[in-house]
1. Answer with one residue from 209, 224, 197: the one whose Cα lies farthest towards the positive end of the charge dipole of the chain, charges on Cβ with Lys, Arg +1 and Asp, Glu -1.
2. Taking every pair of alpha-carbon atoms in segment 15-159, what share in percent sits in each 5 Å bin, from 0 to the bin with the longest distance?
3. Any chance you could list P(r) for the chain, counting all Cα-Cα pairs in 10 angstrom bins from zero, rounded to whole %?
4. Report, by chain and number, residues whose modeled amide H sits under 5 Å from the one on residue 119, excluding near sequence neighbours (fewer than 5 apart, same chain).
5. Cα to Cα, under 18 Å, and not fewer than 8 places away if on the same chain: which lysines meet these conditions relative to residue 120?
6. Report, in whole Å, the centroid distance computed from the Cα atoms of segment 1-46 and segment 148-189.
7. Let me see the pair-distance distribution of segment 266-327: every alpha carbon pair, 10 Å bin width, integer percents in order.
Amino acid sequence: MEKVLSKIGEVTSDPYAYVAGLKERKNKKIIGCFPMHVPEEIVHAADLIPVVIWRGNEPVTWGHAHVPPYDCGITRSFVDDAVRGKLDFMDGLVFHVRQCLQAGEFPFIMERHFKPAYQKILYLPAIYPGNATRDFALKEMESFKTSLEDFTGKKISDDILKKSIEIYNKNRSLMEKIYEMRREKPEILKAKEVMQIVWSSMLMPKEDHNELLTELISGMGKKTVEAKKERIKVILVGCLCQTLQFDILDLIEDLGMIVPDDDLYIGSRYFANKVKLEGNPMEALVDRYLTKSPLCPTKGVWDIHWGDEAIKKMKDNNARGIISILVKYCPPHACYYPDFRSKMEKEGVHETMIQMEHEIMTLEGIKTRLQSFAEMIGGV
């Protein structure tokens, strides 16, 4: 188990070096997929390696000449990496531009300064009632598949695509198993380790990651957890698109709280909902995208409430409160949060919000807020 966690830590500690090395080891082209809804299975079926674009850890420098300082961390960090040449190992990029106004800037910046060999703009619709939404999404994904066929010169058959879907579904099943074991014994993995496990699945070929997860699950089954003072269970919600600083996760645990489950993108959201293997695989991928739960603020879902989903997850895990992670300058989350907060107050749920940003920030203010929250819900 420790050996697997160490390997995962190596992958996520320097994703640039890992992915660049991956390109040489596998002798395949790398396609960067902007989070959160690009169907990676299609890229995989084209015999390419899809990786989910990440937020770097270095301060933004040249990037501020291309994007404003009030863009979110992953936006500024990604552009900064691209124009500085740190992403030269990527052969192509895919952007889902409807989910966020900031994402709409990327294709034009990349065309002028990065010029990847392949670039695709994917426009997946908001989930509104009616067949038009599904038809539009299907045409967009078909266009995506055709563009990859043109780029590689290889036809993506239904059988090939189904095999890729099977590999991705297996990864989702293994991730679900890890989360299930974590819910039963939250102390078995640190919150930081869980995020690294999910993040590594966004960077590694799914076949390789499946092998690691299988070994990890075996190790988790054998590991015994020492009985310690009972910690206060909390659920983390939000943090769309990007990783949360590991220091914040460690701080939550240092203050006597523990995370048995989460509703984060680089968490349970990434592997939620398998793709059906019956019928047309392209239609099955569309159906997964059009699944409303877990609710995402970028999909325009109006008939279910994110707060209700978070409260259910909290109750299912016997947690005492919810910690919302709001990425600074994230319009979809920021616009939704007031309704989310109102739902918490209406239902009498203990909830606090902490804001994170890309730049190095002091943890003292966050620590004070989290410490007060822990005391309020019965912690330290």
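Just so it is clear, none of the values below were taken in a lab; they were calculated from the coordinates. All values reported here derive from a predicted model rather than from experimental measurement. So basically every Cβ, Gly included, is an ideal-geometry build from the backbone, and we count neighbours across all protein chains shown.
1. My answer, from the dipole projection, is 224.
2. 2, 9, 19, 21, 20, 14, 9, 4, 1, 0
3. Per 10 Å bin, starting at zero, the Cα-Cα P(r) for the chain comes out as 5, 23, 34, 27, 10, 1, 0 percent.
4. 93
5. 29, 139, 145, 154, 155
6. 13 Å
7. Calculated over all Cα pairs of segment 266-327, the distribution is 18, 43, 30, 9, 0 percent.
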